[in-house]
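Okay, structure first, notes after.
The values are calculated or read from the model by the stated rules, or taken from the named source; none is laboratory data. Bear in mind that the values here come from a model prediction, so they are computed numbers and not experimental data. Neighbour counts run over all protein chains shown; Cβ positions are idealised from the backbone, glycine included.
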Amino acid sequence: MILLLVTCLLQLRDRFDEKEEKAKSYVEIQEYKEATKRTKRRKRFFDESSTPDTELTARDQFRVDVFCRIVDCLVAELRKRMEAYYAVHKLFGFLMEFESMTPKNLRKHDANLV
């Protein structure tokens, strides 16, 4: 179940354009606030190269700084929880088949608990 959710989130990360269009249909504003602001220029020191800094559009900056970051955090947390659930299942999963287990198998799983 969690693995399916992780897969869905990873696919969602690649469908930003589609989700952006859907979100724009709900609101009246069609452009990002940052797109209308004046671009800030950083003062260069004498020993710095004159190559221009990489500047992202407001849309790309939102995609990288917000959308992808949220999706990546969700995926990381879900994977961490999936590992924790796997560890719990490894210890206590035999209880689901408790009624059909032989005493020998029950003692074997019992030893893993201690």
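Some points to look at:
- Filter result for Ser25 (over 30 Å from Asp110 (Cα atoms), of a type in the set (Ser, Thr, Tyr) and in a helix (DSSP H, G or I)): yes
- The residues of the range 1-23 that are more than 13 Å from the chain's Cα centre (by Cα) and under 15 Å from Phe67 (Cα atoms), listed by number, are Arg15, Phe16, Asp17, Glu18, Lys19, Glu20, Glu21, Lys22, Ala23.
- Looking across the range 7-36, the residues that are among the hydrophobic types (A, V, I, L, M, F, W, C) and modelled with pLDDT of 90 or more come down to Cys8, Leu9, Leu10, Leu12, Phe16.
- At least 3 residues being surrounded by 10 or more Cβ atoms within 10 Å (Cβ to Cβ) and either among the hydrophobic types (A, V, I, L, M, F, W, C) or within 31 Å of the chain's Cα centre (by Cα) (or both) is the threshold, and among the helices (runs of 4 or more DSSP H) wholly inside the range 49-114 those reaching it are 58-62, 68-92.
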